[in-house]
Structures are given as C-alpha cells and as structure tokens.
Amino acid sequence: MKTVFSKPAALNDAVMHYCPGCSHGVAHRLVAEALDHYDLTERSVGVAPVGCAVLMYDYFNCDIMEAPHGRAPALATGMKRSRPDLVIFTYQGDGDLASIGLSEIVHCANRGENVTVIFVNNTVYGMTGGQMAPTTLLGQQTTTSPYGRNFNTDGYPIRIAEMLSTLEGPSFVGRMALDTPGNILKARKMVFKAFHMQVREMGFSFVELLATCPTNWGLNPSDSIKRIKEELVPYFPLGVFKEREAD
Amino acid sequence: MSESKRILVKGNEALAMGAIKAGCLFYFGYPITPQNEVPEYMSRVLPGLGGQYVQAESELASINMVMGASSLGVRSMTSSSSPGISLMQEGLSYLAGQELPAVVINVVRCGPGLGGIAASQGDYFQAVKGGGHGDYRLIVLAPASVQEMYDHTIAAFHLADRYRNPTMVLADGVLGQMQEPIVECDDVQPEPRKPWALTGAKNRPMRYLKSLYLKDGELEAHNRMLQEKYREIEKHEVRCDELLTEDAELVVAAFGTAARIARTAVSMARDKGLKVGLFRPVTLFPFPKRELKALSERVKKILVVEMNTGQMVEDVRLNVSREADVSFYGRPGGGIPTPNEILEKIEDSFS
C-alpha cells in the first residue's frame, strides 16, 4: 500500500507533554518536515528556549542546545560563526523572544546571521502559568493583567515580524497562523522557505507562527482555534513581510 | 627548543595573543574600559586566521555567543571588565551547569556600580564564590605580570577543556594596561577530543546539552557530580608562589597586582633585617588551602594585602592554623597600595 502520510523522521517517538489543543505539536511537525525535506537532521543543531519548548530535545531527532531565557539568537550566532557548515535554528516563544530576548533577536537579525528562527506567538507566557507577554492583546486577561491589558499601563502588543522586516539583515520574514489546514500548509511553506534561505546562505530567516494556548487562554481547543482568526489575525496580519531574492 | 625572542606588549594584548596561541579563533565581546585592547586585537587579527570576531550587542549576548561556540566544541573566549562581568553571570552559571569549557577574562576595575575605570580587586568574591545562581565554581587564575597574562590565558583553555568548566583569568586594570616584555610559548598542548560536543547527529544518536533537570533527585545528583569535579580540581590544580618564606616570621599574602607590589615591600623589609616572606595564590579557585595552612603553622603572622576592603582575607582566615594572627590592609575604589604603605604595616606587626 502506498504511504500517504507518516511521522517525519526528524521527530522522535516521544509522548507529547504539551497541553491538549496546543499548537506546538503542529509547529514541531512543520520544522521536522523541513529538516526531512532538505535532509538537514544530521547537520542541524536546534537551540531550545526557556518556556514550554525547552524540552524539544525529547521530540527532535537532531542535536539540541538549551539557551538561557531569551538568549537563543546569541547562542545561534556563536554556533553559526564557528561552524557555518551546520544548520542552526532557534525555536522560541513570545515571552522568550519578544520580551527578555528582544535585544538578542533584533541584533541577530540585524547582523543577518545565517540562522533560522521559528517564533511561536500565543500571546501569553505559557509555561509559567499564563502571565502577560509583550504580544498579549489589548483587553486580554492574563494572570498579571487580570483586568485586561491596558495600553496606559502595559503598552501595546509588539508586532515582531513587522519590526524585524524594517531591518536590512533578514532575508525572510513571514507570519502565518496555525489555525486552519490551509494556513498550516502556508505556514509549512514559510518554514521550508526559512530553512532553504539558510541552506542557500542568504542570511537571517524568521517565521512567526500564531499559536493557541487553550490552558492559559481558558478556552477549549476549538474555541482557541477560533480565537486565532477572530482576535489574533486582525492585530497580527498574516503574510510575507520581507523576502530577499537570490542574486 | 627553538630560539624565543622577547617582545614588548600590553597586558591586554598578551591576553589576546595567549588565546590565539591556545587555538582560540572565536572571540565574542563588548567594549569596556580597561580591557579594550583585547577586542581590538581580536578584531584585527582573527579574520586573517580564519577565525571570527563578533562585537556583541551586550555582555549578555557575548557570553551566550561563547556558550554557543563552546557547545559545538570549539575554543572560544570573551573578555570584559567588572560591570560587564556582572552581566555575564547568568551565562557563567549556565556554562557551569552544562559543563561547557569557556574562557572569560575579567580585567577588573573599581566598583560597586559604574564605579570607575581604575584597577581594583573588588571582584574576588564574584569570581571565586559564584556570582551567578546555583552551586558552582569557576576555575580562577590570577596573573601578576604581562607574561602571566599570556601564560595563564593559555593555561585557562587547557583547564577549561580538561574539566569541562568555565575558567576565568582574573586580572585588573594595571595588568591590562602595563607593558612588559614577554616570551611567546612555542609548546602548546593539543586540544583534547570533545565527544560531548554538538556537531550534528551524523552516524550517531542525537545529543543535547542542558542544565534543566526536573525529575526527582536528578538535579541533586548532577550537583553532587559537579562538586566531585570541583574536589578533583582542588586536588590537582592548586598553584601558588612562595618567596622568602623559609625563615619568615611574617608572610604577606596577596594575589595579582597587590602581590607584585607586596613583593617590593617584602624586599624593602628584608633590607631592614625583617624576616618577611610572600605567599601568592595563583589559582584563587582552587584556593591553596593546604599550602597556606602549612605556612601558617610556621610563621604565625600573616598580613593580607588586597585592592579591596577585604575579600581574599576571608579565605585566608578560613585556612590558617588556629594560632595564626591574620591582619589586613586594603585599598578599595581604585586605590593602589604603595610598597611604603605595606612596609609600614609590616613594621607595625614587628613592633
């Protein structure tokens, strides 16, 4: 019988620790498919963030390094500069990348480091129990914005993809949502593109994935998926913000 | 042995030259006075050697770039001065937790806070007792000459690799800025194989480097293993110098620049007929406990001199015999003790 669907080889047979309805499973799969597609697993090193995905070494079948909170792009820089033959990617959440690690991501992007960053944005701190993130939407209730995020006291949600796309360094910056099959296929294309950019030595590539966090949003998985379309996408528009063409 | 020639260099340049001699081709740093000759030298020389100089956006980033390079098994270094080293404490704790070899140079200036740019030894506690979170130790070497800035940097890479542990060269602004002739080393040990390094999982199972241990008892076991390693380091890597201690009635204990000044004071005291010697810890961790204990049983009087308000003196007090009389003289905040000041303290002890 012809196999039409299977687990990517870049993923291990591990029982997921992520909550039911969380997008990390899909996001992991897209990265693993890209590693498979370009045959990169044996020459990749992933940099794990602080947050839910810190345990990614349980799932990915490639070498993994653990970074301090937010510093993954700096580690990736040190790695790629010393071993340019390896494929280096970071996988970071919004608390990690958009808050404590904002400096590291901006400067890594600005230097055009030839690494790939997968940015999973679920507008909340997941692992620490649902506190406000820099990407938390206005009015969104979290454990540290119990009355809803208020711009007077908390500022506005940061649009990271747009911000990075103003820099000269990046070769690819895109944002897609992990809500519908159609969008997941588009996200897959973006993740593939981001790794392909690195393989072609085009410089820094970045994909933001709008993701669910049913546990901390206090929604069931299907309402969480609806929330992406109804609340996240209007503020965080989908699409490619920057793409450098090969010379 | 080949003919070695003496060359005149600044202490900071000697650090950079030592690193390159040790095979370090990857330098990540952020400018701060008084160690800027290190990144300047590296940015000038490394590209021609096929290496990489990256000027990081912060000390937080530079220590993490070092961590990234080190995790792939290459020799990598950063250098900074006190406020910058404070920012690196997070990374140092992670390097220790993940057992990664890396060399960090601290050309100490005075604090606390922004403090000033003059030399100091106010970072002894931070270097030797921790600084970052958790139970860990750095191997700490304290040079007292430009030659040692060069030699200790080479040694730091060997020690870091041998024990998979971050190693610090604790210098200061005086040593960084002074010029002295050095002889380059023409016999460097080869870099060991690093079977733990992340190199891409080709023809082997994937591996990871981490410091997160969530399962019950796992982290305790990891900590006990680290402490065992530190005991091994204490057993094998202690270095100290003794000068004129055989017949000494009083010994001045000092490290780095303070030891160098104290040496002059000791020789002035000898000229006056006073039986004075010098005890200089070269490794601050591991601290030369046994050597100091043995000495303190012979001499009874120990004068600790530091460019701070008294930090190493605590380790001295912990490791001398019960009867030993330990006194302290220190100049904090960029003050540098003069030989005459130290001589005066020595004479006070004899009167």
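Structure data summary
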read-out: Positive dipole terminus of the protein assembly as shown, leading residue within B:66, A:213, B:78 (C-beta point charges); value: A:213
read-out: Neighbouring partner chain Cβ atoms per residue of A:45-57, average, 10 Å criterion; value: 3
read-out: Radius, Kirkwood style, for chain B when every pair of distinct Cα atoms is counted (Å); value: 20.8
read-out: Nearest-20 debye value, region B:1-126 charge dipole, Cβ charges on Lys, Arg, Asp, Glu; value: 380
read-out: Total formal charge among the other residues, if their Cβ is under 11 angstrom from that of residue A:72, Lys/Arg +1 and Asp/Glu -1; value: -2
read-out: Carbon/sulfur fraction of accessible area - chain A, other protein chains in place, 1.4 Å, %; value: 55
read-out: Qualifying chymotrypsin sites (Phe, Trp or Tyr not before Pro) for region A:109-184 [loop in DSSP, other Cβ within 10 Å: at most 16]; value: A:147
read-out: Buried solvent-accessible surface, both chains (B, A), 1.4 Å probe, Å² to nearest 100; value: 2700
read-out: Volume of the Cα convex hull of region A:1-110, divided per residue and given in Å³; value: 115
read-out: Cα-based Rg of region B:16-147 normalised by 2.2 N^0.38 Å, two decimals; value: 0.99
read-out: Chain B, accessible surface, carbon-and-sulfur percent (1.4 angstrom probe); value: 50
read-out: Residue order for B:117, B:182 - accessible surface, 1.4 angstrom probe, largest first; value: B:117, B:182
read-out: Projected area averaged over orientations for region B:243-315, convex hull of C-alpha atoms, nm²; value: 4.5
read-out: Candidates per GluC sites (Glu not before Pro) in region B:279-351, loop by DSSP, up to 14 other Cβ within 10 Å; value: B:323
read-out: B:225, A:176, B:178, reordered so the largest accessible area comes first (probe 1.4 Å); value: B:225, B:178, A:176
read-out: Size of charge dipole - region A:1-140 - debye, nearest 20, with Cβ of Lys, Arg +1 and Asp, Glu -1, no other charges; value: 160
read-out: Region B:89-130: relative contact order in percent, alpha carbon pairs under 8 Å with at least 6 residues between; value: 24
read-out: Largest to smallest accessible area among A:35, B:49 [probe 1.4 Å]; value: B:49, A:35
read-out: Where region B:158-221 is the region considered: accessible area per residue in Å², 1.4 Å probe; value: 53
read-out: Förster radius 35 Å - calculated FRET efficiency between residue A:231 and residue A:102 (Cβ-Cβ, nearest 0.05); value: 0.95
read-out: Lys/Arg +1, Asp/Glu -1 at C-beta; the protein assembly as shown dipole; positive extreme among B:33, A:101, A:237; value: A:237
read-out: Point-charge dipole on Cβ atoms (K/R +1, D/E -1) for the protein assembly as shown, about Cα centre, debye to 20; value: 960
read-out: For residue A:105, net neighbour charge (Lys/Arg +1, Asp/Glu -1) across residues whose Cβ lies under 12 Å away; value: -4
read-out: Out-of-range pairs (alpha-carbon distance over 27 Å; input A:186/A:242; B:21/B:293; B:5/B:194); value: B:21/B:293; B:5/B:194
read-out: Between region A:107-125 and region A:131-206, the Cα center-to-center distance that results, in Å; value: 8
read-out: CD proxy at 222 nm, helix term only [per DSSP H run n ≥ 4: -39500 (n - 2.57); per residue of chain A; nearest 500]; value: -8500 deg cm²/dmol
read-out: Spread of Cα-to-Cα distances over 10 Å intervals beginning at zero, given as percent, for region A:148-198; value: 22, 35, 29, 14, 0
read-out: Listed pairs B:129/B:300; B:10/B:275; A:7/A:189 exceeding 24 Å between Cα atoms; value: B:129/B:300; B:10/B:275
read-out: Loop-located trypsin sites (Lys or Arg not before Pro) in region A:1-110 whose Cβ has at most 15 other Cβ within 10 Å (DSSP); value: A:2
read-out: Residue mean of other protein chain beta carbons inside 10 Å, A:97-107; value: 2
read-out: Probe 1.4 Å, protein heavy atoms only - accessible area per residue of region B:1-89 in square angstrom; value: 33
read-out: On Cα atoms only, tilt of B:256-271 relative to the major axis of chain B in degrees; value: 20
read-out: Kirkwood-type radius of chain A, with distances r between different C-alpha atoms, in Å; value: 17.8
read-out: Helix-only [θ]222 nm of chain B, DSSP H runs n ≥ 4, -39500 (n - 2.57) each, per residue, nearest 500; value: -12000 deg cm²/dmol
read-out: Average Cα contact separation per residue, chain B, under 8 Å, 6 or more apart, as relative contact order %; value: 17
read-out: Within 10 Å of each Cβ in B:51-57, the average number of Cβ atoms from other chains; value: 5
read-out: Relative contact order, percent, region B:229-315 [alpha-carbon distance under 8 Å, six or more residues apart]; value: 39
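The values are calculated or read from the model by the stated rules, or taken from the named source; none is laboratory data. Quantities reported herein were computed from a predicted structural model and do not represent experimental measurements. Cβ atoms come from the backbone with ideal geometry, glycine included; neighbour counts cover every protein chain shown. For the accessible areas, the whole protein counts, side chains as well, though only heavy atoms, and no ligand, DNA or RNA atoms are used. Shrake-Rupley method; radii C 1.70, N 1.55, O 1.52, S 1.80 Å.
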